[in-house]
Amino acid sequence: MRIPVVCAIGVILALVLACVHTAGRTTVCGRIDSTQRYQAPSLQCLLGHDEQGRCMVDNLAGGVETFLAPGALASLVTGVGGILGGLGLGYFGSAPRILSGVSLGLIESLPRLVILLLVYSLWDHSMMALGVALGILLVPALAQQVRVRLRALEAQDYFLNLRAHGLPESRILFYHMIWLTCGGEVLRQMLAAFGNMVILETTLSYVRHGSLASSDCSWGYLLQRSLLSVTELLAVAQHRLRGSPAPGGNPLAFLQMLSVMGAFFSVFWAVSYLGRRVILGYENEEKP
Amino acid sequence: MFRLFTGLFIRLGLAIASAIGAASVIVMLVFATEMSFTGSDMDLVGSIDMIAMEFMGQLRLTLSGQRSLMPVDTSLLRAIRLAAHSILLACIAVAMGSFAAIISVYFTRGRPAIRQRHWELRGALYSTPTVLLATLTMVGWNALLVLGSAVFEVDTKDLQFPGTSVVIKWVSAIIVLPLSSGVYLDLRNHMYEEMLALEQSDFVLALQANGLGVSGPLLRNLIGPFVIRAIGKLPQVLSEVIVIEIIFDFNGVGTELLHLLGERDLTALIGITMLFVAVMTALRGMAGLLSLLMKPGSSSEGAL
């Protein structure tokens, strides 16, 4: 197996482990300890400490909880909705086709971020509701892909041949159409939905400065807070460069930002990369 | 010709139907939000009447050349003005991305190794969400200022990010947006592939065999799909603009939207979301109509 695949799977496993690690704890973030403020990485805490002396590894693990379940829900909604929409557009008769076309056109016309903000306010800042809304908003993209694939195979009389071989319609529908023909694309779009949920949760908790974040260790909130440490660090650098006495500041403060950015980037990269690999694997596989 | 007009008519009808449907969904959502905020009954017809009256009143006064007697600086009008800024920013970002894509294709023509590096860059940039890229831009700019102020011994406090300098915010937004939204790389890749396909097509080979120049025909065949794709990218960039405006503390529709949600200004919320739906539907419709008009065979000129 190639190294990037191992890394990507490792990142996904780390997310699951982080959730297991924080399960059952009363506070998901790290323990506040002012004596450990901006402390350097150590064996006990591999990524150092934040401005409140909390261990960054514990903070990042706690932040996973805010997007893991909503992300999984968004993926599920996108997958199910996309398959149904795609079948409506490319498999069933004219009435479902029109209905699917109008519904998907309607969803596509909605301004995504505005709707998500409204849903976030409407459902009392519920991340699960946000996950469902995001999943619905991503349905048209998958439905169109499913339709294109079904139409392409239909044009080559692929399904007609299967029917001529006497295969039951349910097997043609669920195995040949959904799993073999569209499985790769469905998995890719589901992973993309998860990645989008991570971005959305991080962006929302970043832009509202944590006021709407469901957790104190949401990654967006941590990223926004880490800007303070960088500002502090830049002030120290400015004084040192000018030769004036520098105020007290820890040169390792920037590690807080680096660790959040690294975690965020690696999760998004992992889901994008796995998505690309899945689709390549499907395309190279010979159809029965 | 009949088929062309039928296609145009159907697309226009579908776009209008989608816009009306989307607007209805938004109105319902906003009112549901309002109900959850206040827990009281709401006057749907009254609010929509208010928006319509405000629009029509302003339009009438503007057309008759009179000064407005109504308080112009209402939250709705303010939101619309800010939305216009955001749309302008999105248009400039797409234009910049398109320009960079054209320049990049021109200079990397016939160099597959560079193209391969672009593919890798594309993967890396796609893995960099707007919020990260914007944060990195802010930190990078402030670090440069610190270095500059130390070397040149000047006070750069006013230029710090996100500070008060609108020019720095606009420039940063115009650089970040085409990269984070994937506009530059998508357009670049699309144009490169279209160009490769055209260069190997029969009519270009025939022109070359006859010793004629191919740049003109190539450009004519490339520019249509390119413009359509660039316009099709605008709705996506518009969503990114909202995020960028909030992060860079821009005086734009993104910050206004958050403010309106906080203030629970129902009229302005409906107005602003309606405006977004209208703009996005118009852009999608424009891209669809252009693709229909520029499809080979829709005009008598043919491919050349």
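The values are calculated or read from the model by the stated rules, or taken from the named source; none is laboratory data. The shown structure was predicted, so the numbers you read here are calculated from the model rather than taken from an experiment. Cβ sites come from the backbone with ideal geometry, for glycine too, and all protein chains shown count toward neighbours.
Details
- Residue count, region A:173-197 (criterion: at pLDDT 85 or above, of a type in the set (A, V, I, L, M) and over 12 Å from the mean Cα position of the chain (by Cα)): 2
- Qualifying residue in region A:114-132 (condition: charged (D, E, K, R), touching a residue at least 60 places away in the same chain (Cβ under 8 Å) and in contact with a helix residue (DSSP H, G or I) (Cβ under 8 Å, 6 or more places away or on another chain)): no
- Test: residue in region A:95-110 that is assigned to a helix (DSSP H, G or I), of a type in the set (D, E, K, R) and either in contact with a Pro (Cβ under 6 Å, 6 or more places away or on another chain) or closer than 25 Å to A:Val278 by Cα (or both): yes
- Looking only at region B:181-238, and only at residues there that are aromatic (Phe, Trp, Tyr) and buried (at least 17 other Cβ atoms within 10 Å of the Cβ), the one that is farthest from the other protein chains (Cβ to nearest Cβ): B:Phe226
For (1) in a helix (DSSP H, G or I); (2) within 30 Å of B:Trp141 (Cα to Cα); (3) more than 14 Å from the chain's Cα centre (by Cα), each residue gets a yes or a no:
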| site | (1), (2), (3) |
| --- | --- |
| B:Trp170 | yes, yes, yes |
| B:Leu179 | yes, yes, no |
| B:Leu196 | yes, no, yes |
| B:Gly216 | yes, no, yes |
| B:Val227 | yes, no, no |
| B:Gly232 | yes, no, no |
| B:Val241 | yes, yes, no |
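- Near pairs, Cβ below 6 angstrom, 6+ apart or cross-chain, from region A:141-160 (touching a residue at least 24 places away in the same chain (Cβ under 8 Å)) to any residue that is among the acidic types (Asp, Glu): A:Gln145/A:Glu185
- Residues of region A:236-252 include none that is within 28 Å of A:Ala18 (Cβ to Cβ), at pLDDT below 80 and within 12 Å of chain B (Cβ to nearest Cβ).
- The one condition in (1) more than 18 Å from the chain's Cα centre (by Cα); (2) more than 14 Å from chain B (Cβ to nearest Cβ); (3) more than 22 Å from B:Leu283 (Cβ to Cβ) that A:Ile98 fails to fulfil: (2)
- Of the residues B:Leu159, B:Leu145, B:Leu125, the single one that is at pLDDT 75 or above and not aromatic (Phe, Trp, Tyr) is B:Leu145.
- Test: residue in region B:252-274 that is crowded, with 22+ Cβ neighbours inside 10 Å, outside any helix (DSSP H, G or I) and in contact with a Lys or Arg (Cβ under 7 Å, 6 or more places away or on another chain): no
- Test: residue in region B:154-167 that is in a helix (DSSP H, G or I), surrounded by fewer than 18 Cβ atoms within 10 Å (Cβ to Cβ) and within 14 Å of chain A (Cβ to nearest Cβ): yes
- Checked against the criterion of being at pLDDT 85 or above and out of contact with any helix residue (DSSP H, G or I) (no Cβ under 8 Å at 6 or more places or on another chain), the candidates A:Ile136, A:Ile98 yield just one match: A:Ile98.
- Those residues of region B:71-114 which are at pLDDT below 60 and among the charged types (D, E, K, R), in sequence order: B:Asp73
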